[in-house]
Amino acid sequence: MKTEEILRAAKSLREKYAVTDGESFRLKNCNPNETDGLPGIRKIDSKELLDDGVRMMADLQDMLYAQDHWSILLIFQAMDAAGKDGIIKHVMSGVNPQGCEVHSFKSPSTEELDHDYMWRSMRRLPARGMIGIFNRSYYEEVLVVRVHPEILQSQKIPAELIGKNIFEKRQADIRQMEAFMSRNGTVVRKFFLHVSKEEQKKRFLERIDTPEKNWKFSPTDVKERQHWDQYMEAYESMIQTTSSTQAPWHIIPADNKWYTRVVVSGIIIDTLASLNLHYPQVDEKRKAQLQEVRATLMAEK
Ligand code: ATP
Ligand code: MG
């Protein structure tokens, strides 16, 4: 596919799936099974598009790294088995590992619980020129903790600070914090891989029935599934309150893995392409210096 065609496709996918103002957002209007964001692209044609996309991402990342001004933070949130690991593997497949860092956030450690909940994420924010990928993130604080508020008790927060609106306040703080990051050169893009409850069941059964996939399955995943509706409410509230132009959420249909990849890759490409990246300019003095060194090298016996 030609560069302009890929860029056009990437832009239209971003426009279709980005939420920049969440006020009227409703999860029920999003179809996890949809695959029609790019007219004419079906599973069978997606391979070429994805391969070309990976190459383009690699070129853009090279410039991002060389320019050393912007940082990219990609956040992935989802229910279990929605495909976070697979999509991260795909995104990483073409990029230079030196310019990319992935962090997976699990239940906080004792050391992490001795700090506020942002601390562990702040320490892992991408440096300039880098792409940082968060596999889960500080958003767990308004998702799993909201669904299981008893977790708050383990967070060592002074009791008088745990009020009725704690999750609304957290959402407001996160919004502010992301505004700060974006004003300082970190481009934040957030992805909710939206899988349906039926598809999750199918994938769990596959993990149980396929020996090579057994390791991916944990019985606690099924326990969390019993809170599905509460999770969906928490996700909807999170998207409503923390979507912004600088740090949009993208609601990615995740029932078909090939389509999830097409959409996420497209949005990342569009993000990088919108930054007007270029290799650092070489001034006249430096050009002359390079020529001098060249001449010395050529004169070597
Ligand atoms: P996979 O299952 O694909 O390997 P995962 O991201 O589900 O990946 P797990 O180790 O299964 O990894 O789960 C991590 C768990 O940690 C999740 O249940 C998540 O909700 C939980 N978690 C993450 N951050 C927090 C947090 N701040 N407070 C409490 N629990 C958290
Ligand atoms: Mg898990």
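The values are calculated or read from the model by the stated rules, or taken from the named source; none is laboratory data. Everything quoted here is computed from the prediction, not taken from an experiment. A quick note on method: Cβ atoms are made from the backbone with ideal geometry, for glycine too, and the neighbour counts reach across all protein chains shown.
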Q) Does the stretch 78-87 include one or more residues that are among the small types (Gly, Ala, Ser), in a helix (DSSP H, G or I) and either within 13 Å of the chain's Cα centre (by Cα) or within 16 Å of ligand 1 (Cβ to nearest atom) (or both)? A) yes
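Name the one entry in SER182, SER243, SER218 that is among the small types (Gly, Ala, Ser) and within 16 Å of ligand 1 (Cβ to nearest atom). Spell out the reasoning first.
Details: SER182 fails: within 16 Å of ligand 1 (Cβ to nearest atom); SER243 fails: within 16 Å of ligand 1 (Cβ to nearest atom).
It is SER218.
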Q) Restricting the search to the stretch 42-77, which residues are assigned to a helix (DSSP H, G or I) and under 21 Å from LYS202 (Cα atoms)? A) LYS43
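Does THR3 qualify as being surrounded by fewer than 20 Cβ atoms within 10 Å (Cβ to Cβ), more than 17 Å from the chain's Cα centre (by Cα) and under 30 Å from ASP221 (Cα atoms)? Full working, then the answer.
On the way: surrounded by fewer than 20 Cβ atoms within 10 Å (Cβ to Cβ): yes; more than 17 Å from the chain's Cα centre (by Cα): yes; under 30 Å from ASP221 (Cα atoms): no.
Answer is no for this residue.
Collect the residues in the stretch 206-222 that are over 30 Å from THR271 (Cβ atoms), within 16 Å of ligand 2 (Cβ to nearest atom) and not small (Gly, Ala, Ser), keeping them in residue-number order.
In the first step, residues of the stretch 206-222 are kept if they are over 30 Å from THR271 (Cβ atoms); the result is 206-215, 217-222.
Imposing the further condition that a residue be within 16 Å of ligand 2 (Cβ to nearest atom) reduces the set to 206-208, 213-215, 217-222.
Listed by number, the residues that qualify are GLU206, ARG207, ILE208, LYS213, ASN214, TRP215, PHE217, PRO219, THR220, ASP221, VAL222.
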Q: Would you mention how many residues in the stretch 106-146 are within 11 Å of ligand 1 (Cβ to nearest atom) and of a type in the set (D, E, K, R)?
A: 7
Q.
Out of everything in the stretch 178-198 that is among the hydrophobic types (A, V, I, L, M, F, W, C) and buried (at least 17 other Cβ atoms within 10 Å of the Cβ), what residue ends up being farthest from TRP119 (Cα to Cα)?
A. VAL195
Q) Taking the condition modelled with pLDDT of 95 or more, out of contact with any strand residue (DSSP E or B) (no Cβ under 6 Å at 6 or more places or on another chain) and on the phi < 0 side of the Ramachandran plot, does LYS16 pass? A) yes
(Q) For the stretch 276-290, give me the residue count where each residue is surrounded by 10 or more Cβ atoms within 10 Å (Cβ to Cβ), under 29 Å from ALA58 (Cα atoms) and among the polar types (S, T, N, Q). (A) 0
Q) Which ones in the stretch 244-263 are among the polar types (S, T, N, Q) and buried (at least 22 other Cβ atoms within 10 Å of the Cβ)? A) THR260
Q | Odd one out for HIS90 among (1) in contact with a helix residue (DSSP H, G or I) (Cβ under 6 Å, 6 or more places away or on another chain); (2) away from ligand 2 (no atom under 16 Å from the Cβ); (3) at positive phi | A | (3)
Q: Kindly indicate whether ALA66 is loosely packed, with under 15 Cβ neighbours inside 10 Å and either within 24 Å of LYS197 (Cα to Cα) or touching a residue at least 40 places away in the same chain (Cβ under 8 Å) (or both).
A: yes
